[in-house]
Amino acid sequence: MQYNNSTSKLQSAGHRFLLPLCLCTAGSLSSAAMAQGTNGEVVREAQPSQSVQNVLREEHALFSDRLTIEPGISYSYSNSSELALSGFLALDAIFLGNISVDTVESHTTTFDVSTRYGVTDRLELELVVPYVYRSSHYETIGAGGATGGLVEETVSQGDLGDISAGLYYRVFAETPSRPDVVWNFSVRAPTGRHPYDIRTNTRIVDVEEGGTENLTVPTELPTGNGVWGVSTGLSFLKTVDPAIIFANVGYTHNIARDFDDINSSDQTVPGEINLGDSIRLGFGTAFALNERFSLSMSFTHQHSLETNVTVEGGAEQSVIGSSANAASFNFGATYGLSDSTSIVTSLGVGLTDDAPDFTLNFRMPFQI
């Protein structure tokens, strides 16, 4: 996947925070003495509340000088159905032939550990190590040409996902007239199981007239995309009493890579995969209801370009249907258990066919 709160600007000496006054009226910060700076920012000597820190960490960048370790689990579910007709239409009303309805239910569970450390009040480093477990259930109606026939198969796979490392750099600190602006850059390594040489099996259905090939499923499932990726983007955060408004935009470039085999059949076919780049954007708002609890809602969208494949000795060809538009609406809540530990939850609801039907996230960041 990919909140910030009022400007929290760490000063190396004394850990002073620069925070807009509006958050104080929202009840998200503890009381403390205030002074007006020469640049219009409100200088606060107190630490921001736990709820504000949670919003910053999840939607923007916290820039804390303490090491943050954030284990998490994410679950997504998607269901897709396709109707396949093999025959012809008689008298413009009667279909003669075979009807097949294919349904795929996909379950993806990701366990990951994110480690972050603020080197300075403007620079933060991050490392994310995921483990991905996928399970897909395939069904088809129309086995052997009979509309009542049903064939099903389940395939599961668990393995290390694609590890990523990145940095966040604060370009501009928030002022009364300007949002907090953070630039991010990350690199994703192809450490997960890639999908380009996974073989397929075809189920043979027994019917009265003989065995019929009806359902083709993969022998295993990928846990990564197999290529190096470089991402960059900007995130913005502004406090507008009593809310925190945030937005982000980013771009991911996937580096083309040669593989010894890119075929799903028994024949070995070497070639190059040029995975389509992606553009993403999002925006939302969060409310720090008190010193420990906050709510948020946001919209996210990612557009992925077409993938191109070049078989060894052949011309480059685009993969039909490989472009995607995934949009979702998200609801989130955070609660600070203590000054160093929080609970972060969110629910994402898919708005397009390419997005998961829903996604659940549960995270527990703690600082050392």
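The values are calculated or read from the model by the stated rules, or taken from the named source; none is laboratory data. Predicted model, so just to flag it, every value in this text is computed and none were measured. Glycine also receives a Cβ, built like all others from the backbone with ideal geometry; neighbour counts cover every protein chain displayed. The accessibility values were calculated without ligands, DNA or RNA, using every heavy atom of the protein model including side chains. Shrake-Rupley method; radii C 1.70, N 1.55, O 1.52, S 1.80 Å.
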Which of the residues spanning region 142-164 are surrounded by fewer than 18 Cβ atoms within 10 Å (Cβ to Cβ), among the hydrophobic types (A, V, I, L, M, F, W, C) and modelled with pLDDT under 80? ALA146, LEU150
Residue that is nearest to ASN225 (Cα to Cα) [pool: residues in region 310-367 that are among the hydrophobic types (A, V, I, L, M, F, W, C) and in a loop (DSSP other than H, G, I, E, B)]: VAL319
Quickly run through region 259-301 and pick out the residues that are within 20 Å of the chain's Cα centre (by Cα), of a type outside the set (A, V, I, L, M, F, W, C) and not in a strand (DSSP E or B). GLY276, ASP277
When you check GLY226 against the structure, is it on the phi > 0 side of the Ramachandran plot and open to solvent by 30 Å² or more (accessible area, probe 1.4 Å), yes or no? no
